[in-house]
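Data block below; observations after.
Each value in this text was obtained by applying a stated rule to the coordinates, not by laboratory testing. What you see is a predicted model; the values in this text were computed from it and never measured. Note that we place each Cβ from the backbone using ideal geometry, even for glycine, and neighbour counts take in every protein chain shown.
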Amino acid sequence: MVDYLIKRPMLLCAVFASVISVISLYSETALFVISLLLVAVIFFMIYKRVRGELIFAFILILAVSVSAVISFAQADKKQESVGRFCEGEFIVVEQPTYHGTFYSVTLETLESDVLEKGDKVSVTYDNGSMEYAQRIKAGISLSEINEKYKKSYYAESVYVGGYVKYFEYTGKQDGVLAVVSDVRNYIKDKIFGDYKSSEAATMLALVTGDRTYFSDEFYSNVKSAGVAHVMVVSGMHLSIIVSLFLFLCNKFIYNRYLKAVVIFAVTIGVMAVCGFTMSILRAGLTYIFMALGLILNRENTSENTLGFAVTVILLLNPFAIFSVAFQLSVLSTFAILAVATPIIETVCKRRFWGNFIVAPLFSSVVVSVSALLFTAPIAVYTFGYISNVSIVTNLLIGTATSVALVLCILGLCLPFLQNILFILSEAVVRYINAVINYFGALSFSTTSLPEWTTFLLFAIIIGVLCVLLACKKRNDMLKLKEIRAKKIKEGGKKAICL
């Protein structure tokens, strides 16, 4: 395991950075001690002339540690404003959520007598309506973040809450956010204008990650069916969108620099439309690094790219490690890269498994099982249960989700074909909803598990990784023996000829 991580320094960096980020919320003293130890380790590595990649990885770990100290201090400082009345100008940085009797939304400070510029505050309000990207003047009674939701808010760099006593529009909108808002509204209006309400809600979630229009019953079925990740725009969705544009690029663009620009532009655009959530941020950074690789004409391992993306996010906000969406996104991606892909490549080399029907089915099962296993500890710890039907539902709607997403995006981009493409995608979404509602409503769809099973599941994951690494090591040794035997045999033949 250690050798595996050393050969992938950015993945090693992500593991250590994650541990440090978790510590950051609980002990400032321990964080300070770790930072000093990291400085000593880096100087020792330089003295011993260790590989440059490892030294760079530990420098990044130290940077995350310093960032955690700063973030901890910022969060602690913001608590001084709790209980005060704050007046100023703010910008709405997310679409407000209606809770039946009140709304909740996150505001970013532009100018205030209490908060600093750039500070975010999670607020509730009773009357009126706020819109994404609008600038408002407001009076807010600041309060402490509810301890139950503290980690998730800290993950979004929100350290204080509040209640809006009054607000009024300034008549201005943020330029960039206004463009993003217009795109989001265009997508929403088109989808709800052409789809039936239930299919429109699902399609909007697939395209933008907005689950606001889900009914309580349907969202409950989504979680029970184990397909909540499908309704959050993440790596899978971004890969489909980027792959679609890359397919078009490969037909018309042969310059790698132009391809990199297309990947970068599409990725940033999708991230913006989806609100820069943690799951899309992780996936987006991965594709941005891929674009940089094209520019530099340099390839990298997928695990290293994932590790670097995780490290950059934690460097910007160490508390991001507490985002459940971020955790699920990273673990499921790692499961596919480190477990599913090697198994599929090894097994499908055999002639039988190479069958054009069996191979894709086998691949889908392995990917679903791997992702389910690696995300199970988070699901149990956060929700208290796991889905028993997840593998079946993911197999049934996996391809359908990709088809619906591609058809809808093509429909949005090609107005002259929009009607037919929307009709086809709506039919596919209707099938997706039917599968989710059927399996999610089954009495045995979930199994509740106690919290201690989280540690058992982590132990199983580590065991699986150790077994796979042992198999790989044995396979490498067998290949080495074959090569040596072949060289000895060839050497003997040459000696006879001489």
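Points to keep in mind about this one:
- Between amide H atoms placed 1.01 Å from N, distances below 5 Å from K172 occur with R135, all of them 5 or more places distant or on a separate chain.
- Exceeding the 23 Å Cα-Cα cut-off - candidates K77/K117; K137/K165; K78/K150; K117/K165; K151/K172: K151/K172
- When peptides 159-171, 139-151, 399-411 are sorted by average Cβ neighbour count within 10 Å, with the highest value leading, the order is 399-411, 159-171, 139-151.
- Here the extension length gained between D189 and A470 equals 95.8 nm, from 0.36 nm per residue of separation less the Cα-Cα distance.
- Temperature 10 °C, viscosity 1.306 mPa s: under these conditions the Stokes-Einstein estimate for segment 45-101, based on its Kirkwood radius over C-alpha pairs, is 99 µm² per second.
- Its DSSP H runs of at least 4 residues, each contributing -39,500 (n - 2.57), put the calculated 222 nm mean residue ellipticity of the chain at -22000 deg cm²/dmol, to the nearest 500.
- FRET E, pair K117, L361, Förster distance 60 Å, beta-carbon r, rounded to 0.05: 0.65
- Beta-bridge orientation, the chain: approximately 85 percent antiparallel, per DSSP, counting only bridges with both partners inside.
- Legend: calculated FRET efficiency, F32 to I423, from the Cβ-Cβ distance at R0 = 51 Å, rounded to 0.05, equals 0.25.
- Calculated SAXS-style log₁₀ I(q)/I(0) at q = 0.09, 0.10, 0.12 Å⁻¹ - segment 1-157, Debye, Cα scatterers: -0.44, -0.52, -0.68
- Of all aspartates and glutamates in the structure, the ones whose alpha carbon falls short of 19 Å from that of K148, not counting any fewer than 8 places away in one chain, are D76, E156, E451.
- Cβ-Cβ distance of F416 and N437, R₀ of 41 Å, FRET efficiency by 1/(1 + (r/R0)^6): the value works out to about 0.75.
- Peptides ranked, highest mean first, by Cβ atoms within 10 Å: ranges 76-87, 184-195: 184-195, 76-87
- Relative contact order (percent, whole number), segment 355-481, Cα cutoff 8 Å, 6+ residue spacing: 33 percent
- Distance-filtered residues of segment 166-195 - backbone nitrogen under 17 Å, label point 7 angstrom along D126 Cα→Cβ: 166-168
- By the combined test of axial Cα extent (at least 18 Å) and Kyte-Doolittle hydropathy (mean at least 0.5), the qualifying DSSP H helices of the chain come to 9-24, 28-47, 52-78, 235-252, 256-273, 278-296, 302-316, 358-383, 390-413, 418-440, 453-497.
- The mean of 1/r over all distinct Cα pairs in the chain, once inverted, gives the Kirkwood hydrodynamic radius of 25.3 Å.
- Model label sites at L316 and L246, defined 7 Å from Cα along the beta-carbon direction, differ in position by 2.1 nm.
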